[in-house]
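The values are calculated or read from the model by the stated rules, or taken from the named source; none is laboratory data. None of these values were measured; they are calculated from a predicted model. Note: ideal-geometry Cβ built from the backbone for every residue, glycine included; neighbour counts use all protein chains shown.
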């Protein structure tokens, strides 16, 4: 029965561990609940990235017959640096609106205009980040995961993602480090006053 449950995916890991623990010694429990190996961690990370909405903002899209479609070769590479920056409707922002660009990789609100980061394994993305940088970025909302940098800007929901377990965040990081590197230096955020 355990083999069948495990074949359904990594998300069953905790359930299986709990089921096994009912009939196992503490030594066996420790063995069953250890951190997954790297391949399993990457697979879990891929699963988490696919369900928590990373592609919504971090993947450039083009309009297809069913609406916006992720551009596969640019997946998770953030706002395309070669794309001209559109002038936002600052009057709408002054009237309380927050707006997204056409493919959701840029947004504007009272904070100014922000651009989704490159999450690929390229050096212009997270290629030279440490796991510690990634954990700090998500847990504390710090740009590039460095202590003395600016805060992450909306709409990045780091304050929600910081509630994920260490294992979940380490799995996401392990997966992102295996993604196809896409060179893309995302523009710096802009203040609303830059658009007068």
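For residues in the range 165-177 being free of Cβ contacts under 8 Å to residues at least 40 places away in the same chain and over 12 Å from the mean Cα position of the chain (by Cα), which is surrounded by the most Cβ atoms within 10 Å (Cβ to Cβ)?
Top of the filtered list is 166.
When you scan the range 100-128, how many residues do you find that are touching a helix residue (DSSP H, G or I) at 6+ places or on another chain (Cβ under 7 Å), within 18 Å of residue 54 (Cα to Cα) and without any contact (Cβ under 8 Å) to a residue 60 or more places away in the chain?
3
Filter the range 104-129 for residues that are in a loop (DSSP other than H, G, I, E, B) and either modelled with pLDDT under 95 or farther than 18 Å from residue 76 by Cα (or both) and give the result.
Within the range 104-129, the subset in a loop (DSSP other than H, G, I, E, B) is 104-105, 110-111, 116-129.
Within the range 104-129, 110, 111 qualify.
Within the group 44, 83, which residue is under 22 Å from residue 122 (Cα atoms) and buried (at least 18 other Cβ atoms within 10 Å of the Cβ)? I'd like the intermediate steps shown before the answer.
Numbers: 83 fails: buried (at least 18 other Cβ atoms within 10 Å of the Cβ).
Result of the check over 44, 83: 44.
With respect to residue 186, is the statement that it is out of contact with any helix residue (DSSP H, G or I) (no Cβ under 6 Å at 6 or more places or on another chain) and surrounded by 15 or more Cβ atoms within 10 Å (Cβ to Cβ) true?
Criteria met by residue 186.
Condition first: part of a loop (DSSP other than H, G, I, E, B), in contact (Cβ under 8 Å) with a residue 24 or more places away in the chain and touching a strand residue (DSSP E or B) at 6+ places or on another chain (Cβ under 9 Å). Now tell me which residues in the range 82-99 satisfy that.
Correct list: 85, 88, 98.
Can you find, within the range 46-79, the residue that is farthest from the chain's Cα centre (by Cα) among those that are in a loop (DSSP other than H, G, I, E, B) and within 21 Å of residue 111 (Cβ to Cβ)? Break it down into steps so the answer makes sense when it comes.
The initial filter retains those residues of the range 46-79 that are in a loop (DSSP other than H, G, I, E, B), namely 52-53, 59-60, 65-66, 71, 75-79.
Add one more test, that the residue is within 21 Å of residue 111 (Cβ to Cβ), and what stays is 53, 78-79.
Values: 53: 7, 78: 10, 79: 14 Å.
Going through the qualifying residues, I end up with 79.
Which one of 73, 69 is in contact with a strand residue (DSSP E or B) (Cβ under 9 Å, 6 or more places away or on another chain) and more than 17 Å from residue 155 (Cα to Cα)?
69
Quick check on the range 149-164: of everything there that is assigned to a helix (DSSP H, G or I) and free of Cβ contacts under 8 Å to residues at least 24 places away in the same chain, which residue is nearest to the chain's Cα centre (by Cα)?
Top of the filtered list is 158.
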